[in-house]
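Each remark here refers to the structure printed beneath this line.
Where a number appears in this text, it was derived from the coordinates with a stated rule and is not lab data. These figures come from a predicted structure and were not determined experimentally. Cβ placement follows ideal geometry from the backbone for every residue including glycine, while neighbour counts extend to all protein chains displayed.
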Amino acid sequence: MRTPRNAPAARQAPGPAYTGRSLVLLRERTARAQAALLRHAAGLRIAVSSDFATTRAALAPGEALLFERLGAAVLDADPEQTRALTRRHSQGALLLEPERRVRARLGAADSGAGPPLADTPAATWGLEATRVSSSPYQGRGIRIAILDTGLDLCHPDFAERAVISRSFAGDLPVADGNGHGTLCAGIACGPEQPAQGPRYGVAPAAALYVARVLDDDADGTDGQVLAGIDWAVRNRCAIVSLSIGTPVAAGDSYPMVYEQAAARALGAGTVLIAPAGNSSQRPDTILPVEHPASCPSIVAVAAVDQSLAVAAFSNGGVDPDGGAVDLAAPGIAIASASPRPALYQTGSGTSMAAPFVAGIAALIAEADPRARGAALREALLRAFRPLAAPARDVGAGLVQAPR
Amino acid sequence: MRINVAIAVAEEARDRIYEVAQVCRALGFAHNSTLPDIGVLIGSAEVEDLPMLRAIPGVLAVEMERALHIAAKREH
């Protein structure tokens with residue numbers, strides 16, 4: 001083993017760059033031989049990493065934590081022990097270096113430890129968390145399709161808006177008899193200045209296309225939803241938000257019909273966005289991303305709360321074959337529109353998170369005219385702020401509006 | 001037993017989607033609608049006919065229709 005030239009001292013005082021401990025790389029192949037060298041050469045007490053369920057961060061003075069599969073160890077050696085190891089280092093018996101501090105290069109991740117966000121008189125908390133409030137873009141010239149329970153077309157926040165609509169739910173009209181569709185349409189495309197209360201819509205200038213695919217009980221079928229997707233693609237919508245799903249069993253593969261439909265939609269310039277699902281009960285139970293969000297060509301969205309922690313109900317990317325979470329968005333206590341006479345309501349769910357992402361996709365599409373279809377999907381998946389939660393739960397992170 | 005199904009037409013057969021639909025109909029597929037922009041046929045079929053439908057050249061997948069629901073809790 002060669003001694004590296006210009007290597008730092010074997011042990012450095014604790015500080016921003018070094019921990020004060022040492023790292024040793026051993027030539028011995030077996031854990032027994034590795035432990036024997038550390039014990040006999042420097043008198044260290046040995047702890048073996050595989051004896052612990054999780055890697056220990058703390059070491060007692062005079063102790064070495066041996067990673068036997070790597071042939072490496074972290075040491076909290078005193079000066080005499082360090083000198084003994086340095087002699088072995090200079091003889092080429094081992095490689096000794098000071099332990100460096102490392103951190104991810106993702107930028108500042110939100111731990112969720114800060115004070116929770118709240119609605120203000122100007123905007124809902126979700127618009128603040130996703131940087132929508134300060135974005136110069138409003139989705140102008142971009143078509144968003146909302147596939148849901150319809151929309152209250154006479155709602156004061158939408159009555160002046162040119163809404164293109166069609167029902168695929170049997171004989172039911174587009175008028176929303178449930179409320180879920182109006183809530184989701186409001187999040188994605190609500191006005192900059194609502195009749196009452198704070199701004200709640202992400203892309204107020206987007207062209208709104210509404211396809212009713214669910215009945216008044218918010219139930220629908222694949223046939224209705226696929227018909228809505230086909231209609232949106234034919235109408236050259238850049239984004240389709242479908243806040244619907246059905247649970248899948250762990251290990252189930254994604255459906256080919258939807259995957260093919262979503263891939264063709266991407267090819268035609270349309271990005272599909274769907275919720276990860278609400279059937280988890282964290283921390284004990286994390287269920288897989290639901291159908292149709294489980295399709296790789298559909299952007300799957302998880303929900304976070306006002307502290308930017310993953311919502312307890314939000315499903316995760318626990319299936320190896322498809323079913324990954326792509327992004328997270330606000331999904332707890334989301335204020336938006338309601339059919340008359342209530343006018344406004346608050347909802348929680350990954351259903352609320354998906355239209356947040358859809359609206360932000362419209363802002364990105366406005367900001368970059370080349371971003372359509374697969375290019376828009378890629379740009380969207382790059383528009384995030386890291387979160388402390390694992391990618392299984394929040395994908396890349398919290399979606400962010402373009403500046 | 002008759003079930004609702006969605007048939008994905010393979011990419012190379014998309015420009016022949018109506019011909020594929022015709023062959024499917026001849027093998028018992030009750031054809032309700034054609035979604036040409038995403039290459040999907042919607043309709044119903046007997047469960048025992050599904051393997052035949054899947055074997056038709058130009059058919060990528062035949063899947064049983066699922067029920068879908070919203071993913072939200074709401075407070076007024």
Quiz item: Order of A:382-389, B:21-28, A:266-273 by packing, highest average Cβ count within 10 Å first?
Solution: A:266-273, A:382-389, B:21-28
Quiz item: How far, in nm, would the chain grow between A:A159 and A:A33 when pulled straight, counting 0.36 nm per residue and subtracting the alpha carbon separation?
Solution: 37.5 nm
Quiz item: Hey, how many Å between the Cα centroid of region B:17-76 and the Cα centroid of region A:278-328?
Solution: 27 Å
Quiz item: Of the peptides A:178-184, A:159-165, how do they stack up when ordered by the mean number of other Cβ atoms within 10 Å, highest first?
Solution: A:178-184, A:159-165
Quiz item: Can you give the average number of partner chain beta-carbon atoms within 10 Å of each beta-carbon in peptide A:261-269, as a whole number?
Solution: 3
Exercise. Note down, for region A:237-374, the three equivalent ellipsoid semi-axes (square root of 5 times each alpha carbon gyration tensor eigenvalue), biggest first, whole angstrom.
Key: 22, 22, 13
Quiz item: What share of the DSSP beta bridges in the protein assembly as shown is antiparallel, in percent to the nearest 5?
Solution: 60 percent
Quiz prompt | Coarse-grained scattering of region A:125-399 at q = 0.09, 0.13, 0.16, 0.17 Å⁻¹, given as base-10 log I(q)/I(0) from a Debye sum over alpha-carbon atoms | solution = -0.33, -0.73, -1.16, -1.34
Practice problem: Please determine, in degrees from 0 to 90 and to the nearest 10, the orientation of helix A:350-367 with respect to the longest principal axis defined by the Cα atoms of chain A, where the helix direction is its Cα long axis. | Solution: 90 degrees
Exercise. Quick one: P(r) of the protein assembly as shown from all Cα-Cα pairs, 20 Å bins, percents rounded to integers, in order of increasing distance.
Key: 23, 41, 23, 12, 0
Exercise. Using only alpha carbon pairs under 8 Å that are at least six residues apart, calculate the relative contact order of chain A and give it in whole percent.
Key: 16 percent
Quiz item: Which value in deg cm²/dmol, rounded to the nearest 500, describes the helix-derived mean residue ellipticity at 222 nm for chain B, given -39,500 (n - 2.57) per DSSP H run of n ≥ 4 and division by the residue count?
Solution: -5000 deg cm²/dmol
Exercise. First select every other residue whose beta carbon is under 15 angstrom from the beta carbon of A:A195; then total the charges, Lys and Arg +1, Asp and Glu -1.
Key: -1
Quiz prompt | Kirkwood Rh, angstrom, region B:2-64 [1 / mean 1/r, Cα pairs] | solution = 11.0 Å
Quiz prompt | Local net charge near A:G373, Cβ-Cβ under 14 Å (Lys/Arg +1, Asp/Glu -1) | solution = +3
Practice problem: Could you tell me the largest-minus-smallest coordinate of the C-alpha atoms of region A:248-292 on each of the three principal axes, in descending order and whole angstroms? | Solution: 41, 18, 9
Quiz item: How long is the gain from A:R382 to A:R234 if the chain were fully straight, where each residue apart is worth 0.36 nm and the alpha carbon distance is subtracted?
Solution: 50.6 nm
Quiz item: Listed highest first by mean packing, meaning other Cβ atoms within 10 Å per residue, what order do A:277-285, A:215-223, A:358-366 come in?
Solution: A:358-366, A:215-223, A:277-285
Quiz item: Can you give the helix-only mean residue ellipticity at 222 nm for chain A, where every DSSP H stretch with n ≥ 4 adds -39500 (n - 2.57) and the sum goes over all residues, rounded to the nearest 500 deg cm²/dmol?
Solution: -7000 deg cm²/dmol
Quiz item: Over all residues in B:60-66, what is the mean tally of Cβ atoms on other chains that come within 10 Å of each residue's Cβ?
Solution: 6
Quiz item: Over all residues in A:223-234, what is the mean tally of Cβ atoms on other chains that come within 10 Å of each residue's Cβ?
Solution: 5
Quiz prompt | C-alpha long axis of helix B:17-26 to longest principal axis of chain B, angle in ° | solution = 80 degrees
Exercise. Please compute the net charge surrounding A:D76, taking Lys and Arg as +1 and Asp and Glu as -1 over other residues with Cβ under 9 Å from its Cβ.
Key: -1
Practice problem: Please give the helix A:79-90 orientation as an angle from the longest Cα principal axis of chain A, in degrees from 0 to 90, rounded to the nearest 10. | Solution: 90 degrees
